1. Look at region 180-213 and say how many of its residues are aromatic (Phe, Trp, Tyr) and touching a residue at least 40 places away in the same chain (Cβ under 8 Å).
2. Of all residues in region 1-22, which are in contact (Cβ under 8 Å) with a residue 60 or more places away in the chain and either in contact with a Pro (Cβ under 7 Å, 6 or more places away or on another chain) or outside any loop (DSSP other than H, G, I, E, B) (or both)?
3. Considering only region 166-201, state which residues are hydrophobic (A, V, I, L, M, F, W, C), in a helix (DSSP H, G or I), at pLDDT 90 or above and within 16 Å of the chain's Cα centre (by Cα).
4. Within the set of pairs 6 or more residues apart or between chains, which connect a residue that is under 18 Å from Glu116 (Cβ atoms) inside region 152-166 to a residue that is of a type in the set (Ser, Thr, Tyr) and surrounded by 14 or more Cβ atoms within 10 Å (Cβ to Cβ) with Cβ atoms less than 9 Å apart?
5. Out of region 23-65, which residues are surrounded by fewer than 17 Cβ atoms within 10 Å (Cβ to Cβ), among the hydroxyl-bearing types (Ser, Thr, Tyr) and within 24 Å of Leu6 (Cβ to Cβ)?
6. Consider Glu110 carefully, then state whether it is touching a residue at least 40 places away in the same chain (Cβ under 8 Å), closer than 21 Å to Ala173 by Cα and not β-branched (Val, Ile, Thr).
7. Given the residues Asp61, Asp92, Asp40, Asp114, which is the only one that is touching a Pro at 6+ places or on another chain (Cβ under 8 Å) and of a type outside the set (A, V, I, L, M)?
8. When you go through (1) closer than 23 Å to Gly25 by Cα; (2) among the acidic types (Asp, Glu); (3) surrounded by fewer than 18 Cβ atoms within 10 Å (Cβ to Cβ) one by one for Asp82, which number turns out not to apply?
Amino acid sequence: MNIILLGPPGAGKGTQARILVDGRGLVQLSTGDMLRDAKDSGTEMGNRVAAVMASGQLVTDEIVIGLIREKLEGGGTGFIFDGFPRTLPQADALGQLMDEMGQTLDCVIEMQVDDEALVARIIARSTCGGCGEVYNDETKPIPADGKCVKCGASDFKRRADDNAESLKTRLLAYYKQTSPLIGYYYAKGLLKSVNGLGEIDDISTNIAVALDS
């Protein structure tokens, strides 16, 4: 099964992707992770990524599609596209790549959120530097002993852009560039929408129902 998780920054796509990885054996394809891994890989594609990033330029869609091709060629029980595609041209390129490789996109999960609630969630967010587990000052505070409940690490980070003003800018970019994908995939009969602001377990249950339907 190959799926896309859609939703604005902070909607919880990464958290739900990890749950799907653990529960269904899917492979998470996060653009940021792929670029970081490629940069240090020493492969031809990795050297291209390293050169572009060193120059301060943006990595092209062609390079990202090339990295995704490498991952698909590696095989697996299915893939979760997290953070890609972000634009309609990227969606077209991904569809063409999957057609070429005899792969299909099975479902697109849209995680719906309320902007004000999303801002409140994000400005209280911390992430474990060891495993990426997400904490929240209000709903899931860092344990009193200062150690991650998942991996035991004590290194917690807050993104520099996890503040109200930066998030509004990121949301504007999402609505301008990425939200058109909702209609794009709806027209293809692939879109399923879930509430992205409930409890983590409730959201994962709703995603499971959407996938199994």
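1. Taking region 180-213 as the starting set, the residues that turn out to be aromatic (Phe, Trp, Tyr) are 184-186.
Still in the list and also touching a residue at least 40 places away in the same chain (Cβ under 8 Å): 184-185.
Of the residues in that region, 2 qualify.
2. Those that are in contact (Cβ under 8 Å) with a residue 60 or more places away in the chain and either in contact with a Pro (Cβ under 7 Å, 6 or more places away or on another chain) or outside any loop (DSSP other than H, G, I, E, B) (or both): Ile3, Ile4, Leu5, Leu6, Lys13, Gly14, Thr15, Gln16, Ala17, Arg18, Ile19, Leu20.
3. Matches in region 166-201: Leu181, Ile182.
4. Close Cβ pairs satisfying both conditions: Asp162/Ser126.
5. Thr60
6. yes
7. Selected residue: Asp61, the only one of Asp61, Asp92, Asp40, Asp114 that is touching a Pro at 6+ places or on another chain (Cβ under 8 Å) and of a type outside the set (A, V, I, L, M).
8. Just one mismatch for Asp82, condition (3).
The values are calculated or read from the model by the stated rules, or taken from the named source; none is laboratory data. Nothing here was measured: the structure is a model prediction, and the numbers come from that model. Note that each Cβ is placed from the backbone with ideal geometry, even for glycine, and that neighbours are counted across all protein chains shown.
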